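The values are calculated or read from the model by the stated rules, or taken from the named source; none is laboratory data. Nothing here was measured: the structure is a model prediction, and the numbers come from that model. FYI the Cβ positions are ideal-geometry reconstructions off the backbone, even for glycines, and counts take in every protein chain you see. We work out accessible area using only protein heavy atoms, side chains counted, and drop any ligands, DNA or RNA first. Shrake-Rupley method; radii C 1.70, N 1.55, O 1.52, S 1.80 Å.
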Amino acid sequence: MSDVFEKIVSLCKRRGFIFPSSEIYGGLSATYDYGPLGVELKRNVQSRWWEAMVYQHENVEGIDAAILMHPTVWKASGHVEAFNDPLIDDKASKMRYRADQLIEGHIERLRRQGKEDRADAVQKRLVEALHAADMPKALHAIIMDEEIRSPDSGAFDWTEVRQFNLMFSTYVGPVQEEEHKIYLRPETAQGIFVNFHNVRETARLQIPFGIAQIGKAFRNEIVARQFIFRMREFEQMEMQYFVKPGTQMEAFEQWREKRMQWHIDNGIRPSKLRWHVHEKLAHYADAAMDIQYQYPIGWQEVEGIHSRTDYDLRRHQEFSGKKMEYFDPQTNERYIPYVVETSAGLDRTILMLLSEAYDEDEVDGEKRVVLRFHPRIAPVKAAVFPLVKKDGMPDIAHAIEEDLRRHHNVFYDEKGAVGRRYRRMDEIGTPFCITVDGQTLEDGTVTVRDRDTMAQIRIPKDNVATYIFDKVRTWKREG
Ligand code: GAP
């Protein structure tokens, strides 16, 4: 883990953003709980996404489908048959690895050693192997030929590569037999596909239109040790946009632009975002690109934009026997719509925002840790302090606090030196600190201290709410 990454993980725990799940029992790997500040951050991101996708598009509606679905859904979607990772076991340590990731690690090592030609050759073989009819065998051959050793034990004693299904299963009702087996959804998208007609009819939508959803997804990830980057229980923000066949590339480009802009509008620097073209397209996709962010652990995917053709609706038509066609009143044609999907990981978005916001500087010779969140995203918008606990200052501060609470999550603090109070707020990314002091008693003004510049200005106490509203609206990241 990188130094910054470790600092973020530790800050998250210390200040109540994110805790290991079931910590008093030693934790459960790759599952995390959001604490009081984490849940505020999460809700802010969810609202931003919902506003951008649903409220700002008259032809996009939201749903909230059940996590448990009819088991045939996952046969139709292809997840029962093909939602697999290629795994290989180190016989010496009994550790299990993803074969493709072992090879990627090997390629990175070759590049670090300056062996670019060899790295390129292995990379080419990896892409071919991922497309091969017998993918496990092709990956195994690379590991053997390149003599890739186990990262933990250093041994070169591998099993064959086997496919491992990533879905969690359970049984519905009291009988634990195959016919009662169901799955925890591995993506939210299928809840949208099966509700295609329900939403279209009730919301009276015409193509093109979208259905958006935020919800939990579950995957039995094998390599899961990167904090909230790869979890077994996580949250997705997905939108399926249904279009006329032949127009999907236009929609793909539009959504690509909008989704990239959304991340930038949340305060992510464009230089830290890039597009990644999929090396291996799923057999049903005709285009797929990921938005990657430069996390402290390297460039990684935060969101995927996929053109999924009519695959999902066609398969649901086949497996359910129900028509998934759309009658186009403009052209009098009947067709199964094509779909462009935008699929963002909520937790990866949070990790990106934390990574982007984390900063350290020096104030009066002391280290200051500051989270420079966009004020819209910040879990606490403002803190209100009376300079001292007397002369009626707490009453005035409470009145300001109450006023702000009608619109924002606000924190009141009257304990300790004001400098310390500022520091505690910087560390959780609170953009504005309002202090009631002696002068407030004389002229009714308060100080507002800016988290980023630490500059203080005086404004009338009655103007605090509008001041914050304006600042939130016009905030831009420096640099
Ligand atoms: N419906 C399409 C779909 O699920 P995906 O690329 O498998 O596509 C979409 O997942 C997004 O979900 C990813 O870009 C990522 O942000 C997030 N995601 C996937 N697996 C995850 C995991 N194990 N932990 C956290 N986020 C994950």
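Can you give the angle from 0 to 90° between the axis of helix 346-357 and the longest principal axis of the chain, with both taken from C-alpha atoms, to the nearest 10?
Around 50 degrees separate the two axes.
For a quick check: with amide H placed at 1.01 Å from N, whose amide H comes under 5 Å from Val384's, ignoring anything fewer than 5 positions away on the same chain?
Long-range HN contacts for Val384: Phe411, Tyr412, Asp413, Ile434.
Using only the Cα atoms, work out Rg/Rh for segment 168-284, with Rh taken as the Kirkwood radius, to two decimals.
On the way: Rg = 18.0 Å, Rh = 17.6 Å.
Using Cα coordinates only, the ratio equals 1.02.
Along segment 358-364, what does the Karplus equation 6.51 cos²θ - 1.76 cosθ + 1.60 (θ = phi - 60°) give for ³J(HN,Hα), rounded to whole Hz, x for Gly and Pro?
Result, rounded to whole Hz: 5, 8, 10, 9, 10, 10, 6.
Using square roots of five times the C-alpha gyration tensor eigenvalues, list the equivalent-ellipsoid semi-axes of segment 171-210 in whole Å, biggest first. Don't jump to the answer; show the numbers that get you there.
Details: eigenvalues 205, 24, 8 Å².
Largest first, segment 171-210 gives 32, 11, 6 Å.
When only C-alpha pairs under 8 Å and at least 6 residues apart count, what is the relative contact order of the chain, in percent?
Numbers: 820 pairs, mean separation 62.4, N = 479.
In percent, rounded to a whole number, it is 13.
When the accessible area of segment 221-267 is split by element with a 1.4 Å probe, what percent falls to carbon and sulfur? Don't jump to the answer; show the numbers that get you there.
Working: 790 of 1760 Å².
C and S fraction of accessible area: 45 percent.
If I model a spin label as a point 7 Å beyond the Cα along the Cα-Cβ vector, how far apart are those points for Lys124 and Asn332 in nm?
In this crude label model, Lys124 to Asn332 measures out at 5.5 nm.
Could you tell me which GluC sites (Glu not before Pro) in segment 43-107 are loop residues by DSSP with no more than 11 other beta carbons within 10 angstrom of their beta carbon? Mind showing how you got there, number by number?
On the way: sites: Glu51, Glu58, Glu61, Glu81, Glu104; in loops: Glu58.
Loop-located and lightly packed - Glu58.
List the residues, sorted by chain then number, that are 5 or more residues from Asn220 or on another chain and whose placed amide H is less than 5 Å from its amide H.
Amide H neighbours of Asn220: Met167, Phe168.
If the cut-off is a Cα-Cα distance under 16 Å, which aspartates and glutamates reach Lys124, setting aside same-chain residues fewer than 8 apart in sequence?
Here the aspartates and glutamates satisfying the reach criterion relative to Lys124 are Asp100, Glu104, Glu108, Glu116, Asp145, Glu146, Glu279.
Only bridges whose two residues both fall in the chain count here: according to DSSP, what percent of them are antiparallel, nearest 5?
Values: 70 of 82 bridges.
Of those bridges, close to 85 percent are antiparallel.
Please give the peptides 302-313, 241-252, 324-335 ranked by average Cβ packing (other Cβ atoms within 10 Å per residue), highest first, as a rough proxy for protection.
On the way: 302-313: 22.2, 241-252: 18.2, 324-335: 12.6.
Packing proxy ranking, top to bottom: 302-313, 241-252, 324-335.
So what does log10 I(q)/I(0) come out to for segment 1-102 at q = 0.20, 0.23, 0.24 Å⁻¹, using the Debye formula with one equal point on every Cα and no solvent?
-1.10, -1.09, -1.10
Any idea which of Leu441, Met454, Val388 is furthest toward the positive side of the dipole for segment 380-472, if Lys and Arg beta-carbons carry +1 and Asp and Glu beta-carbons -1?
It is Met454, whose Cα lies furthest towards the positive end.
Using the per-residue mean of other Cβ atoms lying within 10 Å as a proxy for protection, in what order, highest first, do the peptides 377-388, 429-440 fall? Provide the component values of the computation, followed by the final result.
Working: 377-388: 23.6, 429-440: 22.1.
Top of the packing list down: 377-388, 429-440.
So how far apart, in nm, are the two label points at Asp152 and Ser271 if each is 7 Å from Cα heading toward Cβ?
3.9
With θ taken as phi - 60° and the coefficients 6.51, -1.76 and 1.60, list the Karplus ³J(HN,Hα) couplings across segment 295-309 in order, rounded to whole Hz; mark glycine and proline as x.
Using θ = phi - 60°, the values come out as 5, x, 9, x, 5, 9, 6, 10, 8, x, 10, 10, 9, 9, 6 Hz.
Note the direction-averaged projected area, equal to a quarter of the hull surface, for the Cα convex hull of segment 230-322, in nm².
On the way: hull surface 31.6 nm².
So the mean shadow area of the Cα hull is 7.9 nm².
If the label point is 7 Å along Cα→Cβ of Asp443, which residues in segment 450-475 have backbone nitrogen under 11 Å from it?
It comes to 458-460, nothing else.
Please calculate how many Å² of accessible area segment 353-444 carries per residue, with a 1.4 Å probe and no DNA, RNA or ligand atoms counted. Kindly include the intermediate steps, with their values, before the conclusion.
Values: 4100 Å² over 92 residues.
Here the per-residue accessible area is 45 Å².
Over all distinct alpha-carbon pairs, what is the Kirkwood Rh of segment 395-442 in angstrom?
Numbers: mean 1/r = 0.0852 Å⁻¹.
Radius from the Kirkwood sum: 11.7 Å.
Can you give the translational diffusion coefficient of segment 29-71 in µm²/s, computed by Stokes-Einstein from the Kirkwood radius over Cα pairs at 25 °C and 0.890 mPa s? The partial results should precede the final answer.
On the way: Rh = 12.9 Å.
My calculation gives 190 µm²/s for D.
Counting only helical runs of four or more DSSP H residues, what would the 222 nm mean residue ellipticity of the chain come to if each run contributes -39,500 (n - 2.57) and the total is spread over all its residues? The partial results should precede the final answer.
On the way: 16 runs with 170 residues, N = 479.
Here the helix-only value at 222 nm equals -10500 deg cm²/dmol.
Assuming R0 = 22 Å, what is the FRET efficiency of Thr247 and Arg314, from their Cβ-Cβ distance, to the nearest 0.05?
Values: r = 17 Å, r/R0 = 0.78.
Rounded to the nearest 0.05, the efficiency is 0.80.
Give the aspartates and glutamates reachable from Lys216 as a straight Cα distance under 14 Å; neighbours fewer than 8 places away on the same chain don't count.
Within the straight-line limit of under 14 Å, Lys216 reaches these aspartates and glutamates: Asp33, Asp64, Glu187, Glu233, Glu235, Glu238, Asp347.
Which of the peptides 287-300, 197-210 is most tightly packed, and how do the rest follow, going by the mean number of other Cβ atoms within 10 Å of each residue?
287-300, 197-210
I need the semi-axes of the equivalent ellipsoid of the chain: take the C-alpha gyration tensor, multiply each eigenvalue by 5, square-root it, list largest first in whole angstrom. If you can, show how the numbers build up before the last one.
Working: eigenvalues 396, 186, 87 Å².
Here the semi-axes work out to 44, 30, 21 Å.
Between their Cα atoms, which of Lys42/Lys137; Lys258/Lys476; Lys13/Lys381; Lys7/Lys272 are more than 30 Å away from each other? Don't skip to the answer; put the middle values down first.
Numbers: Lys42/Lys137 42 Å; Lys258/Lys476 19 Å; Lys13/Lys381 20 Å; Lys7/Lys272 19 Å.
Going by Cα-Cα distance, Lys42/Lys137 fall outside the 30 Å limit.
Would you calculate the separation in nanometres between label points at Ala66 and Arg473, each defined as 7 Å from the Cα along the Cα-to-beta-carbon direction?
Output for this residue pair reads 4.5 nm.
Taking a probe of 1.4 Å, how large is the accessible area per residue of segment 62-137, in Å²? Don't skip to the answer; put the middle values down first.
On the way: 4200 Å² over 76 residues.
Each residue of segment 62-137 exposes 55 Å² on average to a 1.4 Å probe.
Gly62's amide H: which non-local residues (gap 5+, or another chain) put their own amide H closer than 5 Å, with H modeled 1.01 Å from N in plane and none for Pro or chain starts?
Under 5 Å from the amide H of Gly62 lie the amide H atoms of Ala212, each far enough along the sequence or on another chain.
So which lysines can Lys323 reach, going by Cα to Cα under 27 Å and dropping same-chain residues fewer than 8 places off?
Lys323 reaches Lys75, Lys181, Lys244.
Strictly greater than 20 Å: what percent of every Cα pair in segment 287-397 meets that? If you can, show how the numbers build up before the last one.
Values: 4226 of 6105 pairs.
Of the Cα pairs, 69 percent sit more than 20 Å apart.
Calculate what fraction, in whole %, of the accessible area of segment 333-468 sits on carbon and sulfur atoms when a 1.4 Å probe is rolled over the protein chains. All intermediate terms of the calculation are to be shown ahead of the outcome.
Working: 2580 of 5620 Å².
Using a 1.4 Å probe with all protein chains present, segment 333-468 comes out at 46 percent carbon and sulfur.
Let a ≥ b ≥ c be the square roots of the eigenvalues of the Cα gyration tensor of segment 270-346; is it rounded (a/c under 1.5), or, if not, prolate (a/b larger than b/c) or oblate? Kindly include the intermediate steps, with their values, before the conclusion.
Details: a/c = 3.26, a/b = 2.47, b/c = 1.32.
Because a/c hits 1.5 or more and a/b exceeds b/c, segment 270-346 counts as prolate.
At q = 0.12, 0.14, 0.22, 0.24 Å⁻¹, what base-10 log of I(q)/I(0) does the Debye formula yield for segment 369-479 when every alpha carbon is treated as an equal point scatterer in vacuo?
Scattering profile of segment 369-479, log10 relative to I(0): -0.36, -0.49, -1.25, -1.49.
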